[in-house]
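One structure is given below, encoded as structure tokens.
The values are calculated or read from the model by the stated rules, or taken from the named source; none is laboratory data. Owing to the predicted nature of the structure, the values given are computational and were not obtained by experimental measurement. As a convention, Cβ positions derive from the backbone with ideal geometry for all residues, glycine included, and neighbour counts pool all protein chains shown. These area figures cover heavy atoms from the full protein model, side chains too; ligands, DNA and RNA do not enter into them. Shrake-Rupley method; radii C 1.70, N 1.55, O 1.52, S 1.80 Å.
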Amino acid sequence: MNIWLAMLSGLSFGFIIAAPVGPMSLLCMNRTLKSGFTAGLATGAGIALADAFYALVTVASFRVVNDFTTTYALPLRLLGSLFLGYLGLKALWPGPAKAEPVTAAVRSGNIYSLSSACLLTLANPATLLSFMALAASLGQSISASLFLPAGIALGSFAWWLLLSGLIALIRGRLSGSFSRFLSLGTAIILVLFSLYGSFTVLSTYWGQYGEDRPRFLF
């Protein structure tokens, strides 16, 4: 009974936590609009992998990882914001196309989409905190089950599969110019999210430490 409860709890939580429109949703939409369904799905798979990792950390009580993300929360958030800005600028100015076989380009592009989305999600310690809050609310028997992170991964992936499929379907019905306009709009919003995230981190940092700030950041 606890196995199914852990799996269903993970499925629902993974889906719900992935669903709100934010930087990762915009990144998935942008890549789907520019490169198609597989690029968007690879991005979502990377996010789901990071969600599964943080959920596994919560279940297994990996104190080293938890302490690291807590101690370096601000630098990680800053790196994540800067990386998000890089991805937004890269989407705005993709650069000259390289002459390589189409299948190789698609394969390497999907690997990059997956790995970059995974790293970007891992750079957000708030994900770990949300899973810790979920585990605390479910009780010891369910929160200690490995079926909980498995359910979270499946629930998160289900949302990204749905989102990528919907955007790919819309993309096929849009004119090329309007599709490029939407892609440009999502890229600009990604850059704005990056600027806002960086400003928030720096404001928090100066507010907390002021002149007594630790030297590992500045």
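Data table
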| quantity | calculated |
| --- | --- |
| Residue-level accessible surface for LEU163, protein heavy atoms, 1.4 Å, Å² | 20 Å² |
| Extension gain (nm, one decimal) between LEU166 and ALA126, 0.36 nm per residue minus Cα-Cα | 11.7 nm |
| Exposure rank, largest accessible area first [TYR86, TYR54, TYR196; 1.4 Å] | TYR196, TYR86, TYR54 |
| SER12/LEU202 FRET efficiency (R0 25 Å; Cβ-Cβ; nearest 0.05) | 0.10 |
